[in-house]
Amino acid sequence: MAKNPVKNTEQMYRYILDHSLRESESLRMLRETTSSMEQAMMQISPDQGQFMALLVKLIAARTIVEIGTFTGYSTLAMAEALPSDGRLIACDISREWTSVGRPFWEHAGVDGKIDLRIAPALETLDGLLDSGFAERIDLVFIDADKANGLDYYERALALLRPGGLVLVDNAFWGGAVADPNNTEEDTRAIRNLIRFAHGDARVDVSMISVGDGLLLARKAGPAD
């Protein structure tokens, strides 16, 4: 008999970390360094990083695009999961924040896999499409400004190969998306993106309660 869904209590979250998390020393040090920053809440949770790394391996990803890097914890988690000749193109506009992660990328020995592009992400994405990367990317992780979410999503689908994955962070937005009284711009932007992806026949979708909510969208292929 199925039991009722377990609530995500602090006790259960501690259980998840104690019985599931395998965090490299480089990841742990970067997470702890970022935790002292004023913007630390922008960092993904370690269990989410591990889940994303598992997805990288499950789909045998070789090329990843990350939209929004912050201090690079997600970057490092995915880069560690890539093969030795894999490549992760990281898009961000902040040299200050991304500079925090660089020493830890080097410590992990994966800095050679990471191609950091400091520029507005839409410019970088359009540049990739113009230079022949259409349908050549295995996975795209979207974790940047929410106002451009639909534009990032469309670029991601254009870049992805059939069977590739889009991961959209902050699908829950701290629970605000489920509050009908919350009409803030970022909340509305996230709702619009989730609603659009849910009805998008080009993808298979699932939303899971890891971190602040993660939307997974798999680009359909000819065999589907």
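Tell me yes or no: at least one residue of the stretch 34-44 is of a type in the set (D, E, K, R), surrounded by fewer than 21 Cβ atoms within 10 Å (Cβ to Cβ) and in contact with a helix residue (DSSP H, G or I) (Cβ under 6 Å, 6 or more places away or on another chain).
Within the stretch 34-44 (the criterion being of a type in the set (D, E, K, R), surrounded by fewer than 21 Cβ atoms within 10 Å (Cβ to Cβ) and in contact with a helix residue (DSSP H, G or I) (Cβ under 6 Å, 6 or more places away or on another chain)), the answer is no, since none of the residues qualifies.
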Quick check on this structure: which one of LEU76, LEU129, LEU116, LEU125 is part of a helix (DSSP H, G or I) and either open to solvent by 10 Å² or more (accessible area, probe 1.4 Å) or free of Cβ contacts under 8 Å to residues at least 12 places away in the same chain (or both)? LEU129
Sole residue being exposed (fewer than 15 other Cβ atoms within 10 Å of the Cβ), without any contact (Cβ under 8 Å) to a residue 40 or more places away in the chain, over 29 Å from ALA223 (Cα atoms) and more than 14 Å from the chain's Cα centre (by Cα), chosen from ALA147, ALA178: ALA178
Are any residues in the stretch 182-193 touching a residue at least 24 places away in the same chain (Cβ under 8 Å) and either outside any helix (DSSP H, G or I) or out of contact with any Phe, Trp or Tyr (no Cβ under 9 Å at 6 or more places or on another chain) (or both), and if so, which ones? GLU185, ALA189, ASN192
Failed criterion for ALA90 (all others in (1) free of Cβ contacts under 8 Å to residues at least 40 places away in the same chain; (2) of a type in the set (A, V, I, L, M); (3) out of contact with any strand residue (DSSP E or B) (no Cβ under 6 Å at 6 or more places or on another chain) hold): (3)
When you look at ILE190, is it aliphatic (A, V, I, L, M) and either surrounded by 15 or more Cβ atoms within 10 Å (Cβ to Cβ) or over 27 Å from LYS57 (Cα atoms) (or both), yes or no? yes
Only listed residue being under 16 Å from CYS91 (Cα atoms) and outside any loop (DSSP other than H, G, I, E, B), chosen from VAL205, VAL166: VAL166
Please go through the stretch 14-42 and give me each residue that is free of Cβ contacts under 8 Å to residues at least 24 places away in the same chain, outside any loop (DSSP other than H, G, I, E, B) and over 19 Å from GLU106 (Cβ atoms), ordered by number. ARG14, TYR15, ASP18, HIS19, SER35, ALA40, MET41
Give me the residue from the stretch 79-113 that is assigned to a strand (DSSP E or B) and charged (D, E, K, R) and, out of that set, most open to solvent (accessible area, probe 1.4 Å). ARG87
Look at LEU139 and say whether it is among the aliphatic types (A, V, I, L, M), open to solvent by less than 40 Å² (accessible area, probe 1.4 Å) and outside any helix (DSSP H, G or I). yes
Could you list all residues from the stretch 150-175 that are open to solvent by 20 Å² or more (accessible area, probe 1.4 Å), small (Gly, Ala, Ser) and closer than 22 Å to MET41 by Cβ? GLY174, GLY175
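If you check ASP212 against the conditions, is it crowded, with 17+ Cβ neighbours inside 10 Å, in a loop (DSSP other than H, G, I, E, B) and not β-branched (Val, Ile, Thr)?
Against the criterion (crowded, with 17+ Cβ neighbours inside 10 Å, in a loop (DSSP other than H, G, I, E, B) and not β-branched (Val, Ile, Thr)), ASP212 qualifies.
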Looking at (1) open to solvent by less than 40 Å² (accessible area, probe 1.4 Å); (2) in a loop (DSSP other than H, G, I, E, B), which is the only condition GLN48 fails? (2)
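The values are calculated or read from the model by the stated rules, or taken from the named source; none is laboratory data. Not measured: the values here are computed from a predicted model. Using ideal geometry, Cβ is built from the backbone for each residue, glycine included, and neighbour counts are taken over all protein chains shown. These area figures cover heavy atoms from the full protein model, side chains too; ligands, DNA and RNA do not enter into them. Shrake-Rupley method; radii C 1.70, N 1.55, O 1.52, S 1.80 Å.
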